Amino acid sequence: MPKISQLPTADMISASDLIPISQAGSAHSVSVGTLLAQTQPAIIVAPPSLLGRFSIGPGGPDAIAIGDGLTLNSGTLSSTSFSLGSLPIQTSLSPTDQFVVSNTGTSQLVGLGQLRGLFTAGQNITIDVAGVISTASVSGSMSYSLSALSSVPAIASSDLVGLTRGGQDHTIAYSSLLDGLTIDQASPAAVASDSDMFWVGQTSNTMLRQTLSSLWPWICGKMPSWKRQVIELSANTALDGTMHNNAILVCSNTLLITAVTANLGSGFSCELINASSGLVTFSANVLTSNGSTGLSPCQCSLVQCVTYSGGTTVFASISAGGLATVAPGQASGLSGSSATSSAITVSWSAPTTGGAATAYSIQYRITGTIPWLSAGQSNGSLSVTVNSLQAATSYDLTVSATNNIGAGPVSSILNFTTLASNILPTAPTALAVSNITSSSLTCSWMAPTSGGTGVVYLVQYRVTGQGAWNSAASNIAGTTVSISNLTPETSYDIQVTASVSNGSGPPSTVVTARTLQGVGQVTSIAWNVAPIGSFTHGAGVISMNVHVNPATAPVQFGFSVSPTTPPTSWTAGGYVNSDLWGQYVTTPATAGSWYGWAEGTDGSAPTVYATPFTVT
């Protein structure tokens, strides 16, 4: 009998193919289709899956998918970690909602309404059945019991006071609250009475009340020792109601008193004493008791400003003690100055004999002519400018003193000649430059060789090669001037022009000079010790020091109320060591916020410390 391995191989299988089987000990045949009809078909599922039966009717197992929270690994089904992110989002809560809590390792459900039992309302707070937290309500209105708070025995400047602004609650420091209190925030008061009260501090800073009636006896007690203010006047003065009212004004020099009613006001009063050797003159609007224009030496006057039905006027009641009994003597020392083509200034000395002079009459004439012309009157002044003269003309001039008795003898004759109208000064000569630094220089020159008197100068400079000139000084009478704020290592042109009252002459020869290299110029500054904290105004000094590059470049220190505008005054720094420079600078005299500044003494590298300090 052949073996199976000796049989030929079938090329394909069909349901009708027969295969041998043993059935009850006998050999039989069966078709492949009949044999397979009673077997389970092949099951093919994708992992991870379970096999089970959920279909109705005959058939094989169904594939069951693994749900959330489970995992199938090597045939073992187990739970996984719970993902809250996989749950749907609930947009609102209600008291019937539940949430999960862990109780000794066991997960349990708790109603949302049960949370309310964990909270109790504190003082002046309520929680209603819906869980709303609010302040307690008394008689339908909101209230807060200050009496329930603890009290303090005293109040400090840093303590906070509650206030409401725009419906929002805020606090403010007690010191700031007082600083913000101004008189215009108070209600207007009625007419003052003896019972009116005001604040006063007595022997301490404790505030007490005082009445106006109790103030009057104190004022009366001070009146016997009160003295009028004495003010010395040495130059022309305009009376001022806020400065001179009720004062005694002592005139120690010949001068003019101007009285403008708008500056005095009705009721103004002062006393004038002429302690000078000349006349004290009133402005033309002042009415005097004796008709004079002012006070003679040793005279006094009560000056009053009054408003009445006729208007407002200033009246001066002049004492009679100063009236002269004899005419004045002869004026002396007559001299002229500042002559131009049309004017000259003349001065003289008061008479040393006769009565006191109250005015002076000036007369002049063209030399060689007979009639004298009046140049006017000087009310006590010992100089006058005579105008309207002819150019290049010789004149004679005399002065005579007068008082209430009459005129004294004329002075000796002063002869002078006016300038020609077309004479201008020549150019200044010998212009030279000296004391050259990196930022300044000094220039000097010789006066013009001709051109009259009263010469003044205009000094100009410019960077060499530029067209426009800069003014370094103008209308100066001297022949030396310093030019500062120049740029280091820069070439400059300098010229000087002379002028008189009727015009300017030609400029001088241009001189060129070059400033020095700025070896001391600061390139950078770094703060080492800056002013920090709070200081008392006008008291003591404040320490500052900085690191400087280059180390030997000198610096200066100062204070400014602005972080962008440098100080107006500086204090030179002192060298400490290495690259460190420092100084003790006087504390500002004005309270407020201030900034510390440092810069080179030539103005280079101005540096501000960004954080301000406080001056109280």
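The values are calculated or read from the model by the stated rules, or taken from the named source; none is laboratory data. Bear in mind that the values here come from a model prediction, so they are computed numbers and not experimental data. Glycine also receives a Cβ, built like all others from the backbone with ideal geometry; neighbour counts cover every protein chain displayed.
Tabulated data
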read-out: Number of positions in segment 482-517 that are surrounded by fewer than 18 Cβ atoms within 10 Å (Cβ to Cβ) and assigned to a strand (DSSP E or B); value: 10
read-out: Pick from segment 238-288, criterion β-branched (V, I, T) and in contact (Cβ under 8 Å) with a residue 60 or more places away in the chain, ranking: nearest to R228 (Cα to Cα); value: V280
read-out: Residue satisfying condition, being aliphatic (A, V, I, L, M), part of a loop (DSSP other than H, G, I, E, B) and crowded, with 18+ Cβ neighbours inside 10 Å, within set L397, L389; value: L389
read-out: Yes/no for M243 being hydrophobic (A, V, I, L, M, F, W, C) and over 30 Å from L295 (Cα atoms); value: no
read-out: Yes/no for T293 being closer than 30 Å to A420 by Cβ and buried (at least 17 other Cβ atoms within 10 Å of the Cβ); value: no
read-out: Condition broken by A539, with the remaining ones in (1) touching a Phe, Trp or Tyr at 6+ places or on another chain (Cβ under 6 Å); (2) more than 27 Å from L486 (Cα to Cα) satisfied; value: (1)
read-out: Residues of segment 202-227 that turn out to be under 23 Å from I155 (Cα atoms) and either touching a residue at least 24 places away in the same chain (Cβ under 8 Å) or loosely packed, with under 10 Cβ neighbours inside 10 Å (or both), as a count; value: 7
read-out: Strands (runs of 3 or more DSSP E) contained entirely in segment 518-569, each with at least 1 residues that are among the β-branched types (V, I, T) and surrounded by fewer than 21 Cβ atoms within 10 Å (Cβ to Cβ); value: 524-529, 541-549
read-out: Per-region count, segment 380-412, residues β-branched (V, I, T) and either more than 24 Å from P351 (Cα to Cα) or free of Cβ contacts under 8 Å to residues at least 24 places away in the same chain (or both); value: 1
read-out: Tabulated pairs, segment 423-435, first under 21 Å from S342 (Cβ atoms), second assigned to a loop (DSSP other than H, G, I, E, B) and not charged (D, E, K, R), C-beta under 6 angstrom, 6+ apart or interchain; value: I423/G452; L424/G451; P425/P448; P425/G451; P425/V455
read-out: Test: residue in segment 265-281 that is out of contact with any strand residue (DSSP E or B) (no Cβ under 8 Å at 6 or more places or on another chain) and over 12 Å from T358 (Cα atoms); value: no
read-out: L208 being in contact with a strand residue (DSSP E or B) (Cβ under 9 Å, 6 or more places away or on another chain) and not assigned by TED's automatic domain parsing to the domain that holds C305; value: yes
read-out: Subset tally (residues that are farther than 13 Å from A498 by Cα, in contact with a Leu (Cβ under 6 Å, 6 or more places away or on another chain) and assigned to a strand (DSSP E or B)) for segment 438-462; value: 0
read-out: Residue selected from segment 414-425 under the condition in a loop (DSSP other than H, G, I, E, B) and surrounded by fewer than 15 Cβ atoms within 10 Å (Cβ to Cβ), by the criterion modelled with the highest pLDDT; value: A420
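So that you can scan it fast, the table gives a plain yes or no per residue for (1) within 16 Å of L233 (Cβ to Cβ); (2) among the charged types (D, E, K, R); (3) modelled with pLDDT of 90 or more:
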{"position": "A259", "(1), (2), (3)": "yes, no, yes"}
{"position": "S276", "(1), (2), (3)": "yes, no, no"}
{"position": "N290", "(1), (2), (3)": "no, no, no"}
{"position": "S319", "(1), (2), (3)": "no, no, no"}
{"position": "G322", "(1), (2), (3)": "no, no, no"}
{"position": "S342", "(1), (2), (3)": "no, no, no"}
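Residue-wise test of (1) of a type in the set (S, T, Y); (2) not in a loop (DSSP other than H, G, I, E, B).
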residue	(1), (2)
T171	yes, yes
S176	yes, yes
A189	no, no
V200	no, yes
Q210	no, yes
P217	no, yes
H244	no, no
N263	no, yes
S266	yes, no
